[in-house]
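The values are calculated or read from the model by the stated rules, or taken from the named source; none is laboratory data. It should be emphasised that the depicted structure is a prediction, and the values quoted were computed from it without experimental measurement. All Cβ positions, even for glycine, are placed from backbone atoms using ideal geometry, and neighbour counts span all protein chains on display. For accessibility, only protein heavy atoms count, side chains too; no ligands or nucleic acids. Shrake-Rupley method; radii C 1.70, N 1.55, O 1.52, S 1.80 Å.
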Amino acid sequence: PICRRAAPSAEFSVDRHRHLMSFLTMLGPSPDWNVGLSAEDLCTKDCGWVQKVVQDLIPWDAGTDSGISYESPNKPTVPQEKIRPLTSLDHPQSPFYDPEGGSIKLVARVVIERIARKGEQCNIVPDNIDDIVADLAPEEKEEDDTPETCIYSNWSPWSACSSSTCEKGKRMRQRMLKAQLDLSVPCPDTQDFQPCMGPGCSDEDGSTCMMSDWITWSPCSVSCGMGTRSRERYVKQFPEDGSMCKVPTEETEKCIVNEECSPSSCLVTEWGEWDECSASCGMGMKRRHRMIKMTPADGSMCKAETTEAEKCMMPECHTIPCLLSPWSEWSDCSVTCGKGMRTRQRMLKSAAELGDCNEELEQAEKCMLPECPIDCELTEWSQWSECNTSCGKGHMIRTRMIKIEPQFGGTACPETVQRTKCRVRKCLRGPGMEKRRWKDAREKRRSEQAKKNIDSEQYPVCRLKPWTAWTECSTLCGGGIQERYMMVKKRSKSTQFTSCKDKKELRACNVHPC
């Protein structure tokens with residue numbers, strides 16, 4: 001991981017002859033990596049000065065060392081190469097490596113902000129924004145009459161005076177409208193102006209110095225034990241009476257790094273700046289971090305803490321009522337027939353950061369449309385019946401049953417009976433022949449009965465009950481079926497008689513048309 005220290009800062013001046021800003025700073029430790037800007041123009045197109053520039057920075061390779069990671073040993077590049085930006089495909093061991101070749105990680109951000117204006121601009125054309133502010137007429141400020149239905153952020157600090165001389169100017173502060181709880185009540189302006197003059201031109205003491213903010217503390221003077229660190233500030237404007245500034249521009253304090261300096265202790269960096277508080281209002285937590293620079297010399301584990309946390313208190317949380325839009329119309333039912341669901345929504349109009357809102361934003365309910373059509377369902381076709389004649393031409397039928405009747409406009413049932421022609425042997429003509437046929441049939445039945453009796457005597461363990469009566473016809477007309485059964489009376493326990501089973505017969509009935 002990268003050891004991130006507190007952001008350093010510095011102040012500098014520009015004028016119409018020197019308005020391009022460049023800087024370069026090395027990443028440490030690293031082979032020869034650096035970040036920076038080149039020829040950033042701080043003069044605007046209309047010859048004013050930019051108010052603020054924010055630029056994210058990627059690392060560059062200076063071309064003097066061939067190391068591949070932050071702590072690579074020195075490896076001079078011979079011959080030296082041109083400076084170039086690092087990429088995500090330079091080396092698999094690089095901290096910026098990405099096998100997919102994506103964008104390289106940003107490692108720094110520079111913020112350039114104008115803090116004061118002195119003398120002339122880029123040329124004789126005045127700064128438009130400042131002149132507009134300076135030309136505003138003085139306004140008499142009354143007591144704060146902000147309606148309770150207007151929720152604002154706190155006022156920002158006052159800006160620098162638009163005049164750097166003893167001419168009258170204006171300074172400005174701003175606030176943000178977070179929520180308007182009642183749209184019928186107008187909310188006051190979000191900007192406030194105040195008359196001012198340049199430094200040393202007011203009723204204040206003419207010997208007052210204008211100082212910059214303190215710059216970040218320097219690193220501790222030692223890497224182990226107690227040392228010192230310092231910070232500086234600069235004189236932004238000397239006293240108008242020509243006297244010397246007596247305000248200190250540097251201060252020093254003690255610092256402790258790696259309290260134990262024995263072989264079993266590890267070297268760590270100084271603590272970084274505290275992170276932002278975890279809460280936007282009320283009680284929260286903030287953390288700061290430091291890195292392990294070197295593990296203990298005796299090979300033991302480093303016991304130093306690298307993260308520190310403490311409580312932080314933000315401004316008191318205020319409960320703000322939920323500001324909701326009216327409910328929308330109900331949506332269409334989720335189905336085109338039968339039972340379904342429909343929903344409606346409303347929006348949260350007040351800003352989420354103003355407080356939790358537990359009101360529901362979506363509702364759902366059941367809906368009922370006309371019943372869905374139900375189509376007819378049938379069983380499979382039965383087997384074809386026997387031919388309805390013993391000789392000559394005849395017909396046989398097969399049937400199927402209705403499982404579900406059609407409803408609510410569903411598909412009607414197709415035919416449930418089908419007929420087909422059948423032909424048996426030719427019928428014999430003459431009364432003598434007819435008697436002979438009936439006699440043959442009677443003899444055949446007697447022979448079959450005698451065979452059954454023999455089987456019954458030979459296999460007494462498999463006995464069948466007599467045939468049951470025919471069941472009622474399945475339909476009154478149009479062709480139906482009847483069934484009868486012969487059940488096993490006594491079944492053999494031996495596997496030899498596996499053919500001893502219940503029997504079932506079918507025949508056609510009511511074949512006349514409906």
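Condition first: aromatic (Phe, Trp, Tyr) and closer than 23 Å to Thr269 by Cβ. Can you find one or more residues in the stretch 47-63 that meet it? No, because not a single residue in the stretch 47-63 is aromatic (Phe, Trp, Tyr) and closer than 23 Å to Thr269 by Cβ.
Count of the stretch 355-398 residues, restricted to those that are within 60 Å of the chain's Cα centre (by Cα) and either assigned to a strand (DSSP E or B) or more than 30 Å from Ser328 (Cα to Cα) (or both), is 17. A search for C-beta distances below 8 Å between a residue of the stretch 483-495 that is within 27 Å of Arg507 (Cβ to Cβ) and any residue that is modelled with pLDDT of 80 or more and among the small types (Gly, Ala, Ser), counting only pairs 6+ apart in sequence or on different chains, returns Arg484/Ala469. Answer yes if at least one residue in the stretch 233-250 is of a type in the set (S, T, N, Q), at pLDDT 80 or above and farther than 30 Å from Cys161 by Cα, and no otherwise. There is no residue in the stretch 233-250 that is of a type in the set (S, T, N, Q), at pLDDT 80 or above and farther than 30 Å from Cys161 by Cα.
Considering the stretch 485-506 alone, what residues qualify as being exposed (fewer than 15 other Cβ atoms within 10 Å of the Cβ), outside any loop (DSSP other than H, G, I, E, B) and modelled with pLDDT of 80 or more?
Of everything in the stretch 485-506, those that are exposed (fewer than 15 other Cβ atoms within 10 Å of the Cβ), outside any loop (DSSP other than H, G, I, E, B) and modelled with pLDDT of 80 or more turn out to be Tyr485, Val488, Lys503, Lys504, Glu505.
Within the stretch 24-54, can you find the residues that are among the hydrophobic types (A, V, I, L, M, F, W, C) and open to solvent by 60 Å² or more (accessible area, probe 1.4 Å)? Walk me through it before giving the result.
Filtering the stretch 24-54 for residues among the hydrophobic types (A, V, I, L, M, F, W, C) gives 24, 26-27, 33, 35, 37, 39, 42-43, 47, 49-50, 53-54.
Selection gives Leu24, Met26, Val54.
Scanning the stretch 76-99 for residues that are basic (Lys, Arg) and open to solvent by less than 90 Å² (accessible area, probe 1.4 Å) returns a single hit, Arg84.
Checking Asp56, Asp46, Asp32 one by one, the residue that is touching a helix residue (DSSP H, G or I) at 6+ places or on another chain (Cβ under 7 Å) and charged (D, E, K, R) is Asp46 and no other. If we scan the stretch 84-95, do we find a residue that is assigned to a loop (DSSP other than H, G, I, E, B), at pLDDT below 85, under 39 Å from the mean Cα position of the chain (by Cα) and at positive phi? No, that holds for no residue.
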